[in-house]
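Read the structure below first, then the notes.
The values are calculated or read from the model by the stated rules, or taken from the named source; none is laboratory data. Note that the coordinates shown come from a computational prediction; the quantities given were computed from them, not determined experimentally. Note that we place each Cβ from the backbone using ideal geometry, even for glycine, and neighbour counts take in every protein chain shown.
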Amino acid sequence: MLSTVRSQYRHILILESRSWWGSCRDRFDPARDLVLTYDLGLRREVSRMGGQAFYVDYLVDSATMEKNNFLIYEFFRTWHRDTAGQDIFVHRGIPFGFAFRIDIWTDFVFHLQSRICLETLRGLKFESVFVGTQLGIVEAILKDMAIPFSPVPIAENPGQATYYFPAFRWMDERIRNRTLKHRFRDLITAVQGFVMSRLDRLLRSRNGKPAIFIHEYYPTRTLVQRLLHNSKVRVVLAHFSWASGWGKYLSERPIPVWGTVERFQLDADRLMRMFRERRGARLLLTNGVDVTEGAYRVIEKRISAQIAETIRTLDCVIEYVKEIPISLVVLVANIGRVATLVDCVAKARGVPSYLIVNGMLTSAFLDEAKYATVINAYSTSMKEHYFRGMDNVVCLGDPRMDAYVQNVPRRLINRKAPTVTIGASGHNNTSLNSYLAVEFEFMFDVLEALRRIKHESPELRIVIKVRSNGYREQYEQFSNEYFPGLVNEIMDNVSIKDVLDRTDFFITIYSQTLFEASCMGIPCLYYKKDDEIMYPPFDGYSELVTVDTVDDLVEAFHDFQSGDKRFDAFLDKAVMEKYVGPLDGRNLERNLSFIDDLLAKGDKVMAQ
């Protein structure tokens, strides 16, 4: 943050990473210039030269950003509605503007975060601004702000690693990937779904089995497998399940999405025209700046490229549900293309939904996972905090946690020669108080603390567990550049449970994995390098041991080695159940039983 900023500079250089630094290094004056970047590598290099460098997406205090979080999410809830509050995006009577969330979320938050941070330039005096980025977001915002700048070319041979989360690359790989492999998968899904839907249509009158759509993800994985083997229900999926083996390609029922996208282009163009004419939401930041048009520009760019395909998918869902009526929708979130569109159709038809939350929900400004007929919040803590005031919330536990109480012996902790696992941090694309380099700032501090400790305890073993939305090669380059020889192992494609089986002390961020480690008897520590404002136990005042400096981390590790009681509270089963729900090994059964009850209630309603 700009806490030590000077009021006047010669040049302000806004550079995405060290890849642009080669064009500026020779003319950089540490005494008179300022560097803003996304890259930890560039920030540290400038600091070593005696200059000032800050993160361009981390320039404003957390209290101000939190107030803006509430403002931008009010807009996020209403951007697709007209002045009368009606959804502008409607196809065959189904409102579906809500379904674009996954497409626009990262772009929307990141653009507004950048705008809020760049507004700080208005309070500085400077002669000139130089900008070099691949994203182009800074350049677009500076034009909106009428701040002139000169472009900086990228180096011909950049070479050096970058240490920030490539958020847009990751989103493109996860939801916009159209490789031959993905096209073939979609073709097989469509063919299988079509064949099974025709078979179900023929047999529906004979067996009368209710169809359940389930959004498969970590909380529902075991649920899907149990229901697939239940002869009394028909399980409908967005894609083939995560189950291994070839049998699923002959027996499962993915919703077939087929047909040309071009067939829906006229409808897409019509809806986009209506959107431009009728949209009614406005967005003013805490400083009074109206950023409505910039926010809409970002949204429009994404959805205009996606809307025809979205309408095609929605049309296929409508046709499927018309032939094979769905009795219940089971969700894990209010995002996901097919799952959200199925829910849109279900809502319009009066079909109930049951949502099992995907991990801890800890931010007051979010509305994610709040849209369902009934919501399983796991625990009393999440119900009382995140879902405060909602009367459709139950606490039936997390099916994943059954694996941590069924035949799982508590780990025998080695305090003399421990294995310390670092659960890598990660950028939170939903909060203005996160920033792209946070995972590497976190890792630098933690490894610096462990480097000091290893001088005293050379038998210490250090493991890095990369998150599913992280990139292993970045961590290999990072540890080799800043802490050569310190890290014993870097893991990515390994389950967290397998990693924890070999862990004596666990350090990470606000994460579900802390509870999994605790249930195995592993002392845990939350190293807070982020500025996010969250509910317990991530508020800094709860049972979870939380520190935010390298010195305090070293002290906490010494307390772990000496068996200090400060870690005991978060290892207590009653404390765990307060946060993650029951730990009796029956969470899966409770959720299955609740689904049976919902289906039975639906049958009674239909009978009436």
Lone unmet requirement of (1) closer than 30 Å to GLN225 by Cα; (2) at pLDDT 95 or above for ARG411: (2)
Single condition PRO325 does not satisfy, out of (1) modelled with pLDDT under 95; (2) under 19 Å from the mean Cα position of the chain (by Cα): (2)
Residue within the range 281-294 that is within 28 Å of the chain's Cα centre (by Cα), crowded, with 19+ Cβ neighbours inside 10 Å and under 12 Å from ILE88 (Cα atoms) present: no
Which listed residue, of LEU412, LEU436, LEU450, is on the phi < 0 side of the Ramachandran plot, part of a loop (DSSP other than H, G, I, E, B) and over 22 Å from the mean Cα position of the chain (by Cα): LEU412
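Are any residues in the range 462-499 assigned to a helix (DSSP H, G or I), more than 23 Å from ALA161 (Cα to Cα) and within 22 Å of the chain's Cα centre (by Cα), and if so, which ones?
Of the residues in the range 462-499, the ones assigned to a helix (DSSP H, G or I) are 472-482, 496-499.
Checking the rest, the ones that are also more than 23 Å from ALA161 (Cα to Cα) come to 496-499.
Within the range 462-499, ILE496, LYS497, VAL499 qualify.
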Residue within the range 337-350 that is surrounded by 20 or more Cβ atoms within 10 Å (Cβ to Cβ), touching a Lys or Arg at 6+ places or on another chain (Cβ under 9 Å) and over 19 Å from GLY97 (Cα atoms) present: no
Counted residues, the range 134-170 - those being under 24 Å from the mean Cα position of the chain (by Cα) and not hydrophobic (A, V, I, L, M, F, W, C): 7
Hits in the range 460-501 (condition: modelled with pLDDT under 95, closer than 29 Å to SER562 by Cβ and of a type in the set (Asp, Glu)): ASP498, ASP501
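Looking at ASP548, ASP597 in this structure, which one is free of Cβ contacts under 8 Å to residues at least 40 places away in the same chain and more than 27 Å from ARG452 (Cα to Cα)?
On the way: ASP548 fails: more than 27 Å from ARG452 (Cα to Cα).
Testing whether each residue is free of Cβ contacts under 8 Å to residues at least 40 places away in the same chain and more than 27 Å from ARG452 (Cα to Cα) leaves just ASP597.
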Residue that is farthest from VAL554 (Cα to Cα), among those in the range 481-524 that are of a type in the set (Phe, Trp, Tyr) and buried (at least 19 other Cβ atoms within 10 Å of the Cβ): PHE515
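Taking THR64 as the residue in question, decide whether it is among the β-branched types (Val, Ile, Thr), surrounded by fewer than 16 Cβ atoms within 10 Å (Cβ to Cβ) and modelled with pLDDT of 95 or more.
Numbers: among the β-branched types (Val, Ile, Thr): yes; surrounded by fewer than 16 Cβ atoms within 10 Å (Cβ to Cβ): yes; modelled with pLDDT of 95 or more: yes.
Yes: the conditions hold for THR64.
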Identity of the residue in the range 14-33, in contact (Cβ under 8 Å) with a residue 40 or more places away in the chain and touching a Leu at 6+ places or on another chain (Cβ under 7 Å), that ends up farthest from VAL438 (Cα to Cα): CYS24
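Would it be correct to say that PHE130 is touching a residue at least 24 places away in the same chain (Cβ under 8 Å) and over 29 Å from the mean Cα position of the chain (by Cα)? Spell out the reasoning first.
On the way: touching a residue at least 24 places away in the same chain (Cβ under 8 Å): yes; over 29 Å from the mean Cα position of the chain (by Cα): yes.
When the stated conditions are applied, PHE130 passes them.
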Number of the condition not met by GLY245 [criteria: (1) loosely packed, with under 14 Cβ neighbours inside 10 Å; (2) at negative phi; (3) not polar (S, T, N, Q)]: (2)
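When you scan the range 546-608 for helices (runs of 4 or more DSSP H) that lie fully inside it, which ones turn up with 1 or more residues that are over 30 Å from the mean Cα position of the chain (by Cα) and crowded, with 16+ Cβ neighbours inside 10 Å?
On the way: elements: 550-562, 573-580, 587-607.
Per the criteria, 550-562, 587-607.
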Total residues in the range 68-125, condition farther than 30 Å from LEU15 by Cβ, among the hydroxyl-bearing types (Ser, Thr, Tyr) and in a helix (DSSP H, G or I): 2
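Got a sec? Which of TYR535, TYR541 is aromatic (Phe, Trp, Tyr), crowded, with 18+ Cβ neighbours inside 10 Å and out of contact with any Gly (no Cβ under 6 Å at 6 or more places or on another chain)? Give the derivation first.
Working: TYR541 fails: crowded, with 18+ Cβ neighbours inside 10 Å.
Every option except TYR535 fails the conditions.
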